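Student: Submitted below is the structure of interest, expressed as structure tokens.
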Amino acid sequence: QVQLVESGGGLVQPGGSLRLSCSAVGSTFSINAMGWYRQTPGKQRELVAVIGSGGTTNYADSVKGRFTISRDNAKNTVYLQMNTLKPEDTAVYYCNAASRYLTYWGTGTLVTVSS
């Protein structure tokens, strides 16, 4: 089993920055890709960014050029650096980790972009 512990959410003004962190604990040897998803009330959870074990990344079009995903395999931690934040980035952000057969989710951290 894998547990994901997220941190770094909060309130930020438009144009500001935040950095989310997610640490994996447990059977981390099984993890391949790690990523971030987000969800707002009434909408489906959507992919924000994902990074493979070798460092390959993929981003949602809406965050390209503003967000950067990275991972520290030695620490079993994935980061999401969010710059030039917009009100529409307001959401609960969920960390995700995938092994060959299982998918794990964090409990979510709220990011609010508002003046």
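The values are calculated or read from the model by the stated rules, or taken from the named source; none is laboratory data. Just so it is clear, the structure is predicted and the values come from calculations on it, not from any experiment. FYI the Cβ positions are ideal-geometry reconstructions off the backbone, even for glycines, and counts take in every protein chain you see. Protein only, heavy atoms only, side chains kept; ligands, DNA and RNA dropped before computing areas. Shrake-Rupley method; radii C 1.70, N 1.55, O 1.52, S 1.80 Å.
Student: Using only alpha carbon positions, build the gyration tensor of the chain, then give the equivalent ellipsoid semi-axes as the square roots of 5 times its eigenvalues, largest first, whole angstrom.
Tutor: 23, 14, 13
Student: Let me ask you something else. Each label point is 7 Å from the Cα along the Cα-to-Cβ direction; what then is the distance between the points at T84 and T57, in nm?
Tutor: Once both label points are built, they end up 1.4 nm from each other.
Student: Additional query: What's the carbon and sulfur percent of the chain's accessible surface, probe 1.4 angstrom, rounded to a whole number?
Tutor: Its accessible area is 48 percent carbon and sulfur atoms.
Student: Here's something else I'd like to know. Once you have the Cα-Cα distance between Q1 and R19, take 0.36 nm times their residue separation minus that, and quote the gain in nm to one decimal.
Tutor: That pair, Q1 and R19, stretches by 3.9 nm at full extension.
Student: Next question, about the same structure. Run through the stretch 60-114 and list the chymotrypsin sites (Phe, Trp or Tyr not before Pro) located in a DSSP loop whose Cβ has at most 15 other Cβ atoms within 10 Å.
Tutor: Answer in residue order: Y101.
Student: Rounded to the nearest whole Å², what accessible area per residue is found for the chain with the 1.4 Å probe?
Tutor: 54 Å²
Student: For the stretch 70-115, what does the convex hull of the Cα positions come to per residue, in cubic angstrom?
Tutor: 98 Å³
Student: If you keep only loop residues by DSSP, which trypsin sites (Lys or Arg not before Pro) in the stretch 2-80 have at most 14 other Cβ atoms within 10 Å of their Cβ?
Tutor: In loop regions of the stretch 2-80 (DSSP not H, G, I, E or B), the sparsely surrounded trypsin sites (Lys or Arg not before Pro) are K43, K64, K75.
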